[in-house]
Amino acid sequence: MRVAVLGTGTMGAGMARSLLRAGHEVRVWNRTAGRAEPLADDGATVAPDVAAAVEGADVVLTVLFDTDAVVAVGTEAVAAMGPDAVWLQCATVGVEGIRRVQEVGGAQLLDAPVLGTRKPAEDGTLVVLLSGPEALREKAAPVLDAVGSRTVVAGDEVGAASALKLACNAWVALLTAGTAQSLALAGALGVDPALFLEAIEGGPVSVPYARLKGSMMLDGDLAPSFAVDGVVKDVGLMVDAARTTGVPTELLEAVRGLFAEASRQGHGADDMAAVRTVFP
Ligand SMILES: NC(=O)c1ccc[n+]([C@@H]2O[C@H](COP(=O)([O-])OP(=O)(O)OC[C@H]3O[C@@H](n4cnc5c(N)ncnc54)[C@H](OP(=O)(O)O)[C@@H]3O)[C@@H](O)[C@H]2O)c1
């Protein structure tokens with residue numbers, strides 16, 4: 001298939017490479033051109049603008065930072081893409097955000113946020129959360145197969161997948177902040193924090209993610225897979241969605257405060273494991 005990838009940040013670059021490996025014809029565009037150019041070595045065509053990227057594409061994939069970016073770039077894309085093209089929207093934009101995106105994308109839009117970070121994006125092993133009309137889902141299937149190991153269909157209505165994504169990312173943010181909390185508490189109480197990870201290993205409260213992020217925290221490895229500022233953006237979307245539906249927000253607010261503080265301390269572009277630095 002001819003696929004346009006708009007946004008070649010951490011996720012977009014990996015997804016473009018997975019599409020190329022699967023044999024698709026890939027055109028990439030990024031606001032900062034220098035971030036898209038390395039993909040030429042992998043066989044992608046680097047487009048000078050959005051219109052050139054999406055012209056003739058079967059599927060247009062957006063994986064930009066937030067709703068404003070998706071709406072702005074999507075408006076340009078819709079004006080230039082063919083009437084049969086499918087817009088596969090993979091950024092995390094939340095419930096209100098996907099409504100704004102749908103006003104632009106109309107009947108061509110599939111809601112397709114993803115679970116997984118840099119490595120699964122590069123390996124083509126993301127979990128795609130998908131909602132939208134079945135006919136579009138079928139059209140996009142080869143692209144979904146290339147970027148993901150699994151697709152969870154959340155429904156026929158655009159918006160269901162973005163709602164599910166918020167629930168999933170609440171879990172990810174809480175787990176990471178919780179891991180930092182336990183490591184900090186262990187250290188403050190005079191035991192080796194690594195023993196916390198050893199103690200939970202293999203038992204019913206063991207979570208591979210705690211080992212992954214906890215090891216990064218212990219090693220001070222903050223190379224970004226999912227940056228702190230992205231978490232602050234996502235938890236903000238969760239708080240908004242919770243407020244409008246009457247779900248208590250105390251826990252989310254506390255977690256948002258921790259990640260926001262990490263960002264204030266200069267860790268906005270570091271991995272979310274940097275939340276550990278907020279605890280003494
Ligand atoms: N990283 C993860 O683990 C992960 C996992 C699942 C979902 N997501 C979601 O996927 C999306 C991308 O995440 P990422 O980690 O790849 O972020 P990233 O590395 O920060 O990349 C963000 C991308 O958005 C572009 N962008 C930002 N503002 C823009 C604007 N106003 N107009 C045009 N382009 C703009 C950036 O362009 P420039 O290069 O020019 O700045 C870049 O291509 C986000 O919605 C994120 O929440 C991330």
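The values are calculated or read from the model by the stated rules, or taken from the named source; none is laboratory data. Note that the structure is predicted; figures quoted are calculated from it, not measured. We place every Cβ from the backbone using ideal geometry, glycine too, and count neighbours over all the protein chains shown.
Exactly one of (1) under 24 Å from GLU122 (Cβ atoms); (2) out of contact with any Asp or Glu (no Cβ under 7 Å at 6 or more places or on another chain) is unmet by ALA227. Its number?
Unmet for ALA227, out of (1) under 24 Å from GLU122 (Cβ atoms); (2) out of contact with any Asp or Glu (no Cβ under 7 Å at 6 or more places or on another chain): (2).
I'm trying to understand the selection: among the residues of segment 148-205, which are of a type in the set (D, E, K, R) and more than 16 Å from the ligand (Cβ to nearest atom)?
Matches in segment 148-205: ASP156, GLU157, ASP192, GLU198, GLU201.
Cβ-Cβ under 7 Å, sequence separation 6+ or interchain: first residue in segment 166-192 and assigned by TED's automatic domain parsing to the domain that holds LEU130, partner hydrophobic (A, V, I, L, M, F, W, C) and outside any helix (DSSP H, G or I). Which pairs?
none
Take the conditions out of contact with any Lys or Arg (no Cβ under 8 Å at 6 or more places or on another chain) and on the phi > 0 side of the Ramachandran plot and apply them to GLY266. Does it pass?
In short, yes.
Which condition from (1) over 18 Å from GLY12 (Cα atoms); (2) in contact (Cβ under 8 Å) with a residue 40 or more places away in the chain is the one that ALA107 breaks?
Every listed condition holds for ALA107 apart from (2).
If you take the residues in segment 90-126 that are of a type in the set (A, V, I, L, M) and more than 10 Å from the ligand (Cβ to nearest atom), which one is nearest to LEU19 (Cα to Cα)?
ALA112
Quick check: is even one residue across segment 145-165 out of contact with any Gly (no Cβ under 9 Å at 6 or more places or on another chain) and buried (at least 24 other Cβ atoms within 10 Å of the Cβ)?
Checked against the condition, which is being out of contact with any Gly (no Cβ under 9 Å at 6 or more places or on another chain) and buried (at least 24 other Cβ atoms within 10 Å of the Cβ), segment 145-165 yields no hits at all.
Can you tell me which residue is surrounded by the most Cβ atoms within 10 Å (Cβ to Cβ) among those in segment 237-252 that are within 21 Å of the chain's Cα centre (by Cα) and within 16 Å of THR176 (Cβ to Cβ)?
We begin by selecting, within segment 237-252, every residue within 21 Å of the chain's Cα centre (by Cα); these are 237-242, 252.
Still in the running and within 16 Å of THR176 (Cβ to Cβ): 238, 252.
Working: MET238: 24, LEU252: 22.
Restricting to residues being within 21 Å of the chain's Cα centre (by Cα) and within 16 Å of THR176 (Cβ to Cβ), the top hit is MET238.
For ARG35, are the conditions met, namely being of a type in the set (Lys, Arg) and within 26 Å of ALA269 (Cα to Cα)?
yes
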